[in-house]
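Contents: one structure, followed by commentary.
The values are calculated or read from the model by the stated rules, or taken from the named source; none is laboratory data. Please read all numbers here as calculations on a predicted model, not as lab measurements. Neighbour counts run over all protein chains shown; Cβ positions are idealised from the backbone, glycine included.
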Amino acid sequence: MDDAKFTELRRLVGQHAKLVYEAVKSGTVSELPHESQLYAQAMQEHMHLKHIHNALEFADVREGAQYEITVGGETVNPMAHVAANSRKRRQ
């Protein structure tokens, strides 16, 4: 997959994250589809982490740019952690 396709995919994922985050903030998670509710629950469990909050608050303005941070010398994507936790809920 080329960079343009990855950028577009990240943009769409960011839009979804922002919509789910807005539902979390407004207390309307129950109106979301089931899988988005699982994602919202994972978000709520990680909101105490500033990088998660920042990634969600600005998900729609990143316009497909990667959101990565450095932790212990390793480059990580905090939203990948949240997504992985929502996947665990489905199993």
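Filtering the stretch 1-56 down to residues that are in contact with a Leu (Cβ under 7 Å, 6 or more places away or on another chain) and among the hydrophobic types (A, V, I, L, M, F, W, C), which residue is nearest to Val71 (Cα to Cα)?
Met43
Would you point out the residue of the stretch 14-35, among those that are at pLDDT below 95 and either among the polar types (S, T, N, Q) or in contact with a Gly (Cβ under 9 Å, 6 or more places away or on another chain) (or both), that is nearest to Pro78 (Cα to Cα)?
Gly14
Among the listed residues Gln44, Gln37, which satisfies the condition of being assigned to a helix (DSSP H, G or I), of a type outside the set (Val, Ile, Thr) and over 12 Å from the mean Cα position of the chain (by Cα)?
Gln37
For the structure I just gave you, tell me whether Leu56 is surrounded by 13 or more Cβ atoms within 10 Å (Cβ to Cβ), modelled with pLDDT under 90 and under 10 Å from the mean Cα position of the chain (by Cα).
So Leu56 fits the description; yes.
List the pairs whose first member sits in the stretch 4-25 and is of a type in the set (Lys, Arg), whose second member is outside any helix (DSSP H, G or I) and at pLDDT below 90, and whose Cβ atoms are under 6 Å apart, counting only residues at least 6 apart or on separate chains?
These pairs meet every condition: Arg10/Gly64; Arg11/Glu63; Arg11/Gly64; Lys18/Ala59; Lys18/Asp60.
Does the stretch 67-87 hold any residues that are acidic (Asp, Glu) and within 15 Å of Val20 (Cβ to Cβ), and which are they?
none
Cβ contacts < 7 Å: first residue within 18 Å of Met43 (Cα to Cα) and in contact (Cβ under 8 Å) with a residue 12 or more places away in the chain, restricted to the stretch 53-70; second residue assigned to a strand (DSSP E or B) and of a type outside the set (Lys, Arg), any location; separation 6+ or different chain. Result?
Ile69/Val76
Tell me, which residue of the stretch 62-77 that is surrounded by 13 or more Cβ atoms within 10 Å (Cβ to Cβ) and modelled with pLDDT under 80 is nearest to His51 (Cα to Cα)?
Checking each candidate, the answer is Tyr67.
Which ones in the stretch 28-40 are surrounded by 15 or more Cβ atoms within 10 Å (Cβ to Cβ) and under 15 Å from Ala83 (Cα atoms)? Spell out how you get there, then give the answer.
Taking the stretch 28-40 and keeping what is surrounded by 15 or more Cβ atoms within 10 Å (Cβ to Cβ), we get 29, 32, 36-40.
Residues satisfying the conditions are Ser36, Gln37, Leu38, Tyr39, Ala40.
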